[in-house]
Amino acid sequence: MSKNDSTIWLITLVCILLGFFAVRAFEGPKVGAEIGEIASLEKIEKLVNEKKELELKKQEMDEIIKQKENRLKEYEENIAELNTQYQQIQMEIQEARLVAGLLPVEGPGVEIVLNDRKRDSFLSNNPHIISYFIVHDSDMLHVVNELRSAGAEAIAINGTRIMANSRISCGGPTINVGKYQRFAPPFIIQAIGNPDRLMASFQQEDSIYHDLQAWGLEFQIRKVDRIIIPRYLGELEYIYAKTIQEDE
């Protein structure tokens, strides 16, 4: 082989190598792009799956939250109902205490002053009938009963609350009121109720007012806009009386 032929073959080999490397240089980015595309698709698919899982978890959490909210609403409704029942019970207890006289009360009504007849010549000349001219426990009972019949809602004698079981009895020159109280005249009787109706009851022909006036005893009555009557301080104990069940 001549020197020129060797040169030609060398140049040809170099060209072939350059062409090969040129082709590889052009194909390299394409292959890399394909690999990158495959990796991107896998990543996208993974992200999509993760998104679906998160959406499912969100739905589960939303359902749990909804259940908790419904349960909380039930609790709130139950609490509201219990509060209503509690308030109703409290009102009933207060009403029972009011009826039992265990609460101080105030309101319009009348005030009555009862007193013995003042000493005069008639009493001096007739000492044996002096008992007819003093206030007795029976007189007090008549007055209290008339007040009750006229609709008095609360009654007090000299500041002592009078109930159905209150004792009013004679104690010599004094009158026993309740278990421990003893009062001498004058006696101040206060009653809460309709003032006009309470006043009118003592204007009736059979009222004790006329009898006491006839014997010369002092009987003064007046309307009062605001009367305060204290709570009953005695004992309310039922030993023999028992409640009857509705189904009995």
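Quick check: the distance between the Cα centres of segment 154-228 and segment 57-71, to the nearest angstrom?
71
Using the beta-carbon distance between Glu237 and Met61 and R0 = 45 Å, what value does 1/(1 + (r/R0)^6) give for FRET efficiency, to the nearest 0.05? Before the final figure, lay out the partial values.
Details: r = 62 Å, r/R0 = 1.38.
My answer for the efficiency is 0.15.
What are the ³J(HN,Hα) couplings of segment 234-246, residue after residue, when phi is run through the Karplus curve with 6.51, -1.76, 1.60 and θ = phi - 60°? Round to Hz, x for glycine and proline.
After applying 6.51 cos²θ - 1.76 cosθ + 1.60, I find x, 9, 10, 10, 10, 8, 9, 7, 10, 6, 9, 5, 5 Hz.
Once the mean 1/r over all distinct Cα pairs of segment 86-221 is inverted, what Kirkwood radius in angstroms do you read off?
On the way: mean 1/r = 0.0617 Å⁻¹.
Value: 16.2 Å, from the Cα pair sum.
Can you sort Glu42, Glu205 by how many other beta carbons sit within 10 Å, fewest first?
Working: Glu42 10, Glu205 5.
So the residues, fewest neighbours to most, are Glu205, Glu42.
Any idea what the relative contact order of segment 143-248 is, in percent, if you count C-alpha pairs under 8 Å spaced at least 6 apart? Could the numbers behind the result be given before it?
Numbers: 116 pairs, mean separation 31.4, N = 106.
30 percent.
Considering only DSSP states other than H, G, I, E and B, which trypsin sites (Lys or Arg not before Pro) in segment 137-210 qualify as loop sites with at most 15 other Cβ atoms within 10 Å? Kindly include the intermediate steps, with their values, before the conclusion.
Details: sites: Arg148, Arg161, Arg167, Lys179, Arg182, Arg197; in loops: Arg167, Lys179.
Listed in order of number, the matching sites are Arg167, Lys179.
Please work out the FRET efficiency for the pair Thr84 and Arg167, using the Cβ-Cβ distance as r and a Förster radius of 30 Å; give the result to the nearest 0.05. Walk me through the numbers on the way to the answer.
Numbers: r = 42 Å, r/R0 = 1.39.
E(calc), rounded to 0.05, equals 0.10.
In straight Cα distance, which lysines are under 29 Å from Lys46, not counting same-chain residues fewer than 8 positions off?
Lys30, Lys57, Lys58
Hey, fewest Cβ within 10 Å first, where do Thr160, Thr84, Thr174, Thr243 land in order?
Working: Thr160 18, Thr84 10, Thr174 14, Thr243 7.
Least crowded to most crowded, the residues run Thr243, Thr84, Thr174, Thr160.
Read-outs: derived from the displayed coordinates by stated rules, not from any lab. In this text the structure is predicted, and so the values were computed from the model without any measurement. Quick reminder, even Gly has a Cβ in these numbers, built from the backbone with ideal geometry, and neighbours come from all protein chains shown.
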